[in-house]
Amino acid sequence: MAAKTLSVKELGKQYVKRMEKPILVYKKPFLVNWKDIFVRFPRYCHVLLIAPHHASPDYTDYSIQGADDFFAFANSIATVKYLRDTQATRANVEKEIKEFNPRLVVHYDHGSANAIYGESAVNTPQAVIDTANADKLNLRVMSTVSCLSASGLGPTAVSKGCSCYVGYNDLHWIITTTHMSFWNCADKVHKKLVLGYSTQTGFDAAIITYNANIAYYASIGDTFTAVHLQMDRDRLTLVGSETATTCPKRLEIIKPYYELVRSKKIPDLVWPPQVFELDKEIINVRQ
Amino acid sequence: MSEIGKKYEELIEADAKAAKEDTLKELSTYEKERKRIVSGAEEEPRAIAGPYSYTVGELMGQVESETKIGRDIINSMINLKANLARGGE
């Protein structure tokens, strides 16, 4: 039997149908076995998280909360070694970099042009990575939320073999009453890396989140927060490889199902993403 | 200095003065309206970076005396207004 030849009108109808298809097409959820998920997506990414807490009142009163928030996110999908508070000494950091061998090092604390700080035995800031031991970051990605270090230590570390260094090239400001917004913007870099995205993707996601937060705070009249977010956004710096990754790309489960799955309210339901979270954000911005 | 050079200097000075006054005005408006904007917050918000910690009033002092931090704030306020004027980046 001869194949039916479509008329021009029918072809035109199909064309219009294709054009009218929405950008975001979600499939129906399907049942999966959680064991399969963990077999398919083992915890490849080894993360060393450094977050000291010095004597109050201090910037670290707030930065440690940002680090805890990132730990809650990353610990469910990556293997995380958390050097918190008094554990974040130079000796411990050097030991864990050697033995735990992390692909990604994340840091929340004070920084200076040529060092990032941790904690000494007497609860005072102590340089944990500086120009003297920057070669320990060889073949690793470093993401830090601290002042200044991307201006000096970043290029030094990259020249000594660090794949990529993301940080701030001037003071990193926070506002005490709205500090979680500052961490939510800054941690987009390492959250994307834990999910298997490249450093450039993480950097772009952070800028998008900064822009959204700046617009929000300006719209409610909180210029104090908006101005400081804007300064941080302009100081976020990426040195080294833009395509560096720390693990293979994972599926991101689209919110709100993500939270339900995490809290095990729907333990055997996975929502297959057609569009990753970041792609959605980019589409929204372009629209 | 030539006549054009002098004129140019004057224009830059006038712009810088306007930007500083605008920043001070925005911050003082925020300070007045703070209780409405961040309702529920018991403590006064502070901007913290490294060893620095300022309330809005103290930061206005930095802007007034044109320290490095004060100039950074003025610069950021100019950029913020420019971005919002064209609908955000």
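Every read-out reported here was derived from the displayed coordinates using simple, explicitly stated rules and does not represent laboratory data. The structure presented is a predicted model; accordingly, all values stated were derived computationally and were not measured. All Cβ positions, even for glycine, are placed from backbone atoms using ideal geometry, and neighbour counts span all protein chains on display.
Find how much the distance from B:Ser2 to B:Leu84 grows on full extension, using 0.36 nm per residue of separation minus their present alpha carbon separation; answer in nm with one decimal. Let's see the in-between values first.
Details: separation 82, 0.36 × 82 = 29.52 nm, distance 3.70 nm.
Extending this stretch completely gives an extra 25.8 nm.
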Burial order of peptide ranges A:150-160, B:25-35 (average beta-carbon count within 10 Å, highest first): A:150-160, B:25-35
Helix B:3-37 vs. chain B, principal-axis angle (Cα, 0 to 90°, nearest 10): 10
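How many Cβ atoms of partner chains, on average, are near each residue of A:210-221 if near means within 10 Å of its Cβ? Display every interim value, and only then the final one.
Working: counts 1, 3, 1, 0, 6, 6, 0, 2, 5, 2, 3, 8.
Mean number of neighbouring Cβ atoms from other chains: 3.
Take B:Arg36, A:Arg235 and order them by how many other Cβ atoms sit within 10 Å, fewest up front.
Values: B:Arg36 9, A:Arg235 19.
Starting with the residue having the fewest Cβ neighbours, the order is B:Arg36, A:Arg235.
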In segment B:45-89, trypsin sites (Lys or Arg not before Pro) in a DSSP loop with at most 13 other beta-carbon atoms within 10 Å: B:Arg86
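For A:Thr5 and A:Ser159 in the same chain, what is the full-extension length gain: residue separation times 0.36 nm, less their Cα-Cα distance, in nm? Let's see the in-between values first.
Numbers: separation 154, 0.36 × 154 = 55.44 nm, distance 6.37 nm.
Length gained between A:Thr5 and A:Ser159: 49.1 nm.
If you rank A:Thr223, A:Thr89 by fewest surrounding Cβ atoms within 10 Å, what's the result?
Numbers: A:Thr223 23, A:Thr89 18.
Fewest-to-most Cβ neighbours within 10 Å comes out as A:Thr89, A:Thr223.
Quick check on my link table: of B:Lys7/B:Lys81; B:Lys32/B:Lys68; A:Lys98/A:Lys160; A:Lys98/A:Lys188; B:Lys17/B:Lys68; A:Lys136/A:Lys160, which ones sit more than 18 Å apart, alpha carbon to alpha carbon?
The answer is B:Lys7/B:Lys81; B:Lys32/B:Lys68; A:Lys98/A:Lys188.
Averaged across A:166-172, how many Cβ atoms of other chains sit within 10 Å of each residue's Cβ atom? Mind dumping the intermediate values first?
Values: counts 0, 0, 1, 0, 3, 9, 3.
Partner-chain Cβ atoms within 10 Å, mean over residues of A:166-172: 2.
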